[in-house]
Amino acid sequence: MPSGTSASAREKLAELRERTHRYATLLVAELVLILTYPFFADLSPRSGLPRVLAVIVFSAALFAVLGKGRMTKIAFMLGIPAILLRLIAFAGHIPVLDLVDQVLGVMFMVFVTSVLVYTIVSDPSVTTDTLAGAVSAYFLIGITFGLLYALIGGVVPGAFRDTVEPARHLAPPEYTFYSFMTLTTVGYGDIVPRDGHARSFAMLESVIGIMYPAVLISRLVGLHGRKRETP
């Protein structure tokens, strides 16, 4: 009896997740972060406004991984402290908390992005929300690497250089901009990595940026072909 009740609860949770369009919610949060970039690019690196947007994306990412058992528990163990630290940092600048906040944020985003990419690629069905999840996972990769670059830039001064204004200190949103230029292999060249770790992660991101769409498209084509073959 308990197992039947548990199965029924899981089915209801799956239906609820489908109705609430959790991936679409995450996609909207990511678009808000990306489209508000021009308003934050020239702010001080200590400005709290980008942190607020990061909290929104973190919350939407937690919502996206609800109902995945152990994965959800791990996501909450990483995500809740990351969100709380960002809110504390928004209230007042504390250097020690800044570093912990950045590290936890990167760990949380790496984990959630990995879970989301695996879920989307292994999903046997294709729905509108699944497609929104595929796009949001791609955006998450860019945002995650942006956070990682910001962490490297904070720990290793001079790890990234603005070739237009070499003496200028990069603001957090500019690392996100650089990340997406690397992910899409556009590479305008206005920001370049100079540190070995920064270059290593930039190479890794560019490879992921090429491989992810290829794997995703082949997966979708395979599922479409399987549907046509099914009587």
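The values are calculated or read from the model by the stated rules, or taken from the named source; none is laboratory data. It should be emphasised that the depicted structure is a prediction, and the values quoted were computed from it without experimental measurement. Counting neighbours? That spans all protein chains shown, and the Cβs are built from the backbone with ideal geometry, glycine included.
Which of the numbered conditions does Ala132 fail, given that it passes all the others? Conditions: (1) more than 25 Å from Met71 (Cβ to Cβ); (2) aliphatic (A, V, I, L, M); (3) surrounded by 13 or more Cβ atoms within 10 Å (Cβ to Cβ).
Status for Ala132: all satisfied but (1).
If you check every pair at least six apart or on different chains, which have Cβ atoms under 8 Å apart with a residue in segment 65-76 that is more than 16 Å from Arg22 (Cβ to Cβ) first and a residue that is part of a helix (DSSP H, G or I) second?
Matching pairs, first to second residue: Ile74/Phe111.
Can you tell me which residue among Ile83, Ile56 is in a helix (DSSP H, G or I), at pLDDT 90 or above, surrounded by fewer than 19 Cβ atoms within 10 Å (Cβ to Cβ) and within 18 Å of the chain's Cα centre (by Cα)?
Ile56
For Val186, are the conditions met, namely being within 15 Å of Ile34 (Cβ to Cβ), free of Cβ contacts under 8 Å to residues at least 40 places away in the same chain and surrounded by fewer than 17 Cβ atoms within 10 Å (Cβ to Cβ)?
Answer is yes for this residue.
Tally time: how many residues in segment 105-131 are in contact (Cβ under 8 Å) with a residue 12 or more places away in the chain and either part of a loop (DSSP other than H, G, I, E, B) or touching a Lys or Arg at 6+ places or on another chain (Cβ under 9 Å) (or both)?
10
What about Arg228, is it more than 19 Å from Thr119 (Cα to Cα) and at pLDDT 90 or above? Outline the logic, then answer.
On the way: more than 19 Å from Thr119 (Cα to Cα): yes; at pLDDT 90 or above: no.
Answer is no for this residue.
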